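Written out below as C-alpha cells is the structure these notes cover.
Every number in this text was worked out from the coordinates using simple rules, so none of it is lab data. No experiment lies behind these values; they were computed from the predicted model shown. Note: ideal-geometry Cβ built from the backbone for every residue, glycine included; neighbour counts use all protein chains shown.
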Ligand code: CIZ
C-alpha cells in the first residue's frame, strides 16, 4: 500500500477514537472506503446501526438522503457526509409540493416512500420502505391503494407482487434505469454458465429477463448461500467488490459497464479524514421536518 494512503488510514483510526466516531459505508462506495468503514451495508442496515450506536459522531459514506435519514433517527449525534455534493438524482425527482398535489388526486391512497427521497417528502408519507422490504411492507398495509414514490421501477416490481392498486411516480435511479434488455442479453451471451441477479430499480423488462431480483442485502445473502459459482450482478459496481471479497471462490461479473453512480464515488479516504478532523460537512434536518419524517421511518424499522 502507498505510504501516503497508509498514513491517511492511520489518521482516520486515531480520529475515530478521539471523536468517538463510527464510520458507515454504503455497499456502493469505493473499495478503500468500504475497507476503512466499521460497517458496510445498505441504507436500511446502516440507519439501524446508526440509530443504535453509542457513537457521538457518525460518518456516513454514501449520499445525502442516507445521511439525512440518520440525522432524523439520531438527532443528538453529529452526522457527517464527507462529500456534500454526493446527492441522489432519484431523490431529486420528487418535491414535497408535487407530492401534495398527487395526494389530492388520490386521497384514499397510503403514501409509501422509498428511502431514496428527501426528508421533506418522507415527512409527508405514511411509511418508508427500502428495496429489501418494499413488497412485504406494502402487502402488510391495511389499504387497497398505495401511492408509491419516487421510484417507478421498484414500484412496478412491488405492483407485480401485490393485489393492491399501486400508483406510480415518474422517478427512477439513473444508474439502474440505464441498463437495457440488450445489456442483459449481451451479459448472458458472454457468460452463458452464469446466473443473472438484478436490483429492482432496473427497468421491468430487465427485471423480467433476470434469474433473480434482490436488494443489495439480498444479493450479498444469495451470493453467500447459493451453489452457483458464476453470477452476473445488475446493480452499482461497488457491490461487486464486496461480493468478490466475501466469496473469493466465486466469480462475479458486472452486468453493464454503465452501472456506476458518480455520486457514490465522490467519497474517498482524504475526505473521510478531513470530515473527522473538521466535523464538517454536517447534515442536519430542521426539527419540524424531522419530527414528521421520523414516524414513517420508525414505522418501517418496526415492520421488519
Ligand atoms: O437501500 C439502499 O441502500 C439502496 C440504495 C439499494 C439497496 O438495495 O441496498
Report summary line: Protection proxy (average C-beta count within 10 Å per residue), highest first, orders 146-156, 210-220 as 146-156, 210-220
Query raised in the report: To the nearest 500 deg cm²/dmol, what mean residue ellipticity at 222 nm is calculated for the chain from DSSP H runs of n ≥ 4 alone, each contributing -39,500 (n - 2.57), summed and divided by the residues?
Result: -13000 deg cm²/dmol
Requested in this report: Could you work out how far apart the two model spin labels at residue 224 and residue 20 are, taking each label as a point 7 Å from the Cα in the direction of the beta carbon, and quote it in nm?
Outcome: 3.0
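Taking the number of other C-beta atoms within 10 Å as the exposure measure, put 224, 282 in order starting with the fewest.
Taking fewest neighbouring Cβ atoms as first place, the list is 224, 282.
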Query raised in the report: Between rounded, prolate and oblate, where does the range 112-243 land on the alpha carbon gyration tensor, with a ≥ b ≥ c its root eigenvalues, rounded for a/c under 1.5, else prolate if a/b exceeds b/c?
Result: prolate
Report summary line: Shape call for the chain, from the Cα gyration tensor axes a ≥ b ≥ c (a/c under 1.5 means rounded, otherwise prolate when a/b beats b/c, else oblate), comes out oblate
**Report entry** Which of 277, 97, 249 has the fewest Cβ neighbours within 10 Å, and the rest in rising order
**Finding:** 249, 97, 277
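Give the percent of DSSP beta bridges with both residues in the chain that are antiparallel, rounded to the nearest 5.
That works out to approximately 5 percent antiparallel.
Using 1/(1 + (r/R0)^6) with R0 = 25 angstrom and r between the beta carbons of residue 145 and residue 299, what's the FRET efficiency to the nearest 0.05?
The formula returns an efficiency of 0.90 here.
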Requested in this report: Would you mind ranking 225, 32, 10 by Cβ crowding within 10 Å, fewest neighbours first?
Outcome: 225, 10, 32
